[in-house]
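Notes follow the structure.
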Amino acid sequence: MARDSRWNRRQESIRLGRTLAILAIGLAFMAPASGAEGPSPSPEARTGYLERPLPVTRDQSRAFFETGRRLFEEKRFGEALPAFQAAIAERDQRYDLASQAITALLEQKTTARAKGSIKTLVMLEAQASLPEFRLKELKAEAGSSLTLMAELLAKESLEADFSAFIKAFLLVLDLRPISTLKDSLSALKTACADLRAYPEAEYWIGRVYEAEGETSLAAFQYRRAWDQRASLDIYEEGFGYLGRLAALYRTQGNNRAYEDILQRLVDEDPLFADSRRYFREGMERSLGRDGFDRFFSLYRVSWGPWTPFEIELGGYYLGNGRPQALGLLAAGVDALASRCLWRLKQKDSAWEFTSLSALLDAIARDRELQAWAEDEGFFQALHNLGLALDAGGYRQSAREIWAQLASRPYLEPWAKASARALSAVAPKK
């Protein structure tokens, strides 16, 4: 009975959120036009491709989202949920209408003359909609800026389909730099469709559910947010969504699901593509046979949002005695060391890697870099890499890593842990 009651309350909360979201969107659409929008196209010019025009009010999705975040921090979860849902509803409706506007213009036969170029299409349609003298004035004012030209055209009396296209184009530019579109109508259409989703809000709905003990709903939301990551301004943020799901499964003791999620994150690294298997095997051989210094001199991989999860999965496999730990930890440590090297070269372009000892000393001289390395788990990962090497039969390479950590007491607790590991593998007298 208690579970049923909680579920009913959850459904009521969801219905309330949807009602508030729809009400918010309705108010946005009913608001009067701002003078900054300019005169509307004449009734004769309208083609009726949309049941209602694009809204002229300011997009409130971010405001709804920030309200939800504030309410969540205040632990007012029941109020935070409909705020996040309102953010999602507003974003979806605006960019759905924008997508329709873009499609409506692109489906006209005359737009084929643009040959896929946003700029060419805008100028061709502007030429058809405006007197020649007015278009010359706008060109002079906009210069080479397509964004400024679109903003100026939005204030003009244009043919309906073109007017809606311009508004849709500007709506996309609210959340996407124009450079990412590469003057491609296809890219514009795809971006507009992607932006209907609001993965940040989906993720925070998951946080609400997790805070209230609805872990199954939370897991669904985290996966949903990950699946919508194409809409993110910062691609790396999406990894945090699945990372939160992995942490949820770990807390629950669901090791199989935990491992599966970490593996999905690792699979995002191009290094772990099937086509690079021989490269990875070469990394492991070099590290085991020749030691860290030679390995890092030959193999460099880039740090990425997947790196922390390679280290985490490597540590998990190490604890379970699985040989895959070595490859994952080698990749993660290499990526973190490469990132440290990049920072050092930013400060001194002549700095070059010669040995792990020199790298650790250079990191210690840069307080910010050492703090970053500690936060990223670099020294723990080095220690664990030694354990993985030892488990794989590469004892000498393991000892070399542990010796460097053990000789630096400021790297606690990994200095002492490495000293103990050295003692455990010391030759018997």
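The values are calculated or read from the model by the stated rules, or taken from the named source; none is laboratory data. Just so it is clear, the structure is predicted and the values come from calculations on it, not from any experiment. Every residue, glycine among them, receives a Cβ derived from its backbone with ideal geometry; neighbour counts consider all protein chains shown. For accessibility, only protein heavy atoms count, side chains too; no ligands or nucleic acids. Shrake-Rupley method; radii C 1.70, N 1.55, O 1.52, S 1.80 Å.
Do any trypsin sites (Lys or Arg not before Pro) in the stretch 91-126 lie in a DSSP loop with no more than 16 other beta carbon atoms within 10 Å, and if so, which?
Working: sites: Arg91, Arg94, Lys109, Arg113, Lys115, Lys119; in loops: Lys115.
Counting only loop positions with at most 16 other Cβ atoms within 10 Å, the trypsin sites (Lys or Arg not before Pro) in the stretch 91-126 are Lys115.
Taking amide hydrogens as modeled 1.01 Å from N in the peptide plane, which residues meet the under 5 Å criterion relative to Ser184, leaving out close sequence neighbours?
For Ser184, whose amide H was placed from the backbone, the distant partners under 5 Å are Ile118.
Considering every pair of different Cα atoms, what Kirkwood radius, in Å, is found for the stretch 170-232?
12.8 Å
Can you put Arg134, Arg62 in order of accessible area, largest first, using a 1.4 Å probe?
Arg62, Arg134
Pairs of lysine in the stretch 72-208 with Cα under 19 Å and at least 8 positions apart or on different chains: total?
Number of lysine pairs found: 16.
Run the helix sum for the chain: -39,500 (n - 2.57) per DSSP H stretch of 4+ residues, divided by residue count, reported at 222 nm to the nearest 500 deg cm²/dmol.
-22000 deg cm²/dmol
Subtract the Cα-Cα distance of Thr215 and Gln108 from 0.36 nm times their separation in residues, and report this length gain in nm to one decimal.
Working: separation 107, 0.36 × 107 = 38.52 nm, distance 4.81 nm.
That works out to 33.7 nm of additional length.
Just to verify a number: what accessible area does Val425 come out at with the full protein assembly present, 1.4 Å probe, Å² rounded to tens?
Estimated to the nearest 10 Å², Val425 gives 20 Å².
How much accessible area per residue does the stretch 267-368 have, counting only protein heavy atoms and a probe of 1.4 Å, in square angstrom?
Details: 5070 Å² over 102 residues.
Accessible area per residue, the stretch 267-368: 50 Å².
Of all GluC sites (Glu not before Pro) in the stretch 309-380, which ones are in loop regions per DSSP and have a Cβ with at most 12 other Cβ atoms within 10 Å?
Those that pass, being in a loop and sparsely packed, are Glu352.
log10 I(q)/I(0), Debye, Cα-only the chain, no solvent, q = 0.07, 0.09 Å⁻¹?
-0.52, -0.77
Projected onto the charge dipole of the chain (+1 at Lys/Arg Cβ, -1 at Asp/Glu Cβ, origin at the Cα centre), which of Val122, Leu181, Met149 gives the Cα projection farthest towards the positive end?
Farthest towards the positive pole: Leu181.
For the stretch 307-429, with only Lys/Arg (+1) and Asp/Glu (-1) charged at the beta-carbon, what is the dipole magnitude about the Cα centre, in debye rounded to 20?
Working: 14 positive and 14 negative charges, 109 e Å.
Value, rounded to 20: 520 debye.
Among Leu422, Leu387, Tyr410, whose Cα lies farthest out toward the positive end of the dipole of the stretch 316-429, if unit charges sit on the beta carbon of Lys, Arg (+1) and Asp, Glu (-1)?
Leu422
Restricting things to alpha carbons, tell me how big the stretch 272-413 is in terms of Rg and Dmax, in Å.
14.1, 42
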